[in-house]
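The structure appears below as structure tokens.
The values are calculated or read from the model by the stated rules, or taken from the named source; none is laboratory data. Please read these numbers as outputs of a predicted model, since none were measured by experiment. Cβ sites come from the backbone with ideal geometry, for glycine too, and all protein chains shown count toward neighbours. The accessibility values were calculated without ligands, DNA or RNA, using every heavy atom of the protein model including side chains. Shrake-Rupley method; radii C 1.70, N 1.55, O 1.52, S 1.80 Å.
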Amino acid sequence: MKYNFDNERPIYIQLVEIIRIEIVSGKLKKGHKIPSVRELACTMKVNPNTMQKALIELENEKLIYTERTNGKYVTEDEKLIQKVKKELAKEKARDYLKSMDLIDITLDESIKYLQEIGGKNGISWVQKLM
């Protein structure tokens, strides 16, 4: 996967966001060991020190933890993962609604457009976006 970093924010913050999403989406499974700092840095094409800084931030958030000499693991705390997932969803929704407001689209219209794209059940909404 190719990662595109913007110049507006520190790369380690962007790495935190990427890994956070991989955890809440289940791409990185609860309780599973994550790749080493060097492996992650190589995969994401960043400096290992930058990756280490991102992982420290994720550890401070308790989304990952270190087992001495065994490596780093994704938390098994389902409540924490769901809390972070909800926060991310709210952030994305706020961003969407702000962008709709910029083009003078009301909340009701915004919801209507989401429903049009996603259908009543929202089952195939991702395919419709593509």
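General observations
- Contact annotation: residue pairs with Cβ atoms under 6 Å, 6 or more positions apart or on different chains, pairing a residue in the stretch 72-86 that is within 20 Å of Leu55 (Cβ to Cβ) with a partner that is of a type in the set (S, T, N, Q), are Lys72/Thr66.
- Condition broken by Thr66, with the remaining ones in (1) open to solvent by less than 80 Å² (accessible area, probe 1.4 Å); (2) within 26 Å of Leu28 (Cα to Cα); (3) assigned to a helix (DSSP H, G or I) satisfied: (3)
- Residue among Lys27, Lys120, Lys128, Lys112 that is open to solvent by 100 Å² or more (accessible area, probe 1.4 Å), closer than 20 Å to Lys2 by Cα and either at pLDDT below 95 or in a loop (DSSP other than H, G, I, E, B) (or both): Lys27
- Subset of the stretch 30-58 [within 16 Å of the chain's Cα centre (by Cα) and either aromatic (Phe, Trp, Tyr) or over 25 Å from Asn4 (Cβ atoms) (or both)]: Lys30
- Residue check, Lys86 open to solvent by 60 Å² or more (accessible area, probe 1.4 Å) and either within 14 Å of the chain's Cα centre (by Cα) or not β-branched (Val, Ile, Thr) (or both): yes
- Test for Arg20: is it of a type in the set (Lys, Arg), within 23 Å of Tyr3 (Cα to Cα) and surrounded by 15 or more Cβ atoms within 10 Å (Cβ to Cβ): yes
- Tally, over the stretch 41-63, of residues that are assigned to a helix (DSSP H, G or I) and either exposed (fewer than 13 other Cβ atoms within 10 Å of the Cβ) or in contact (Cβ under 8 Å) with a residue 60 or more places away in the chain (or both): 3
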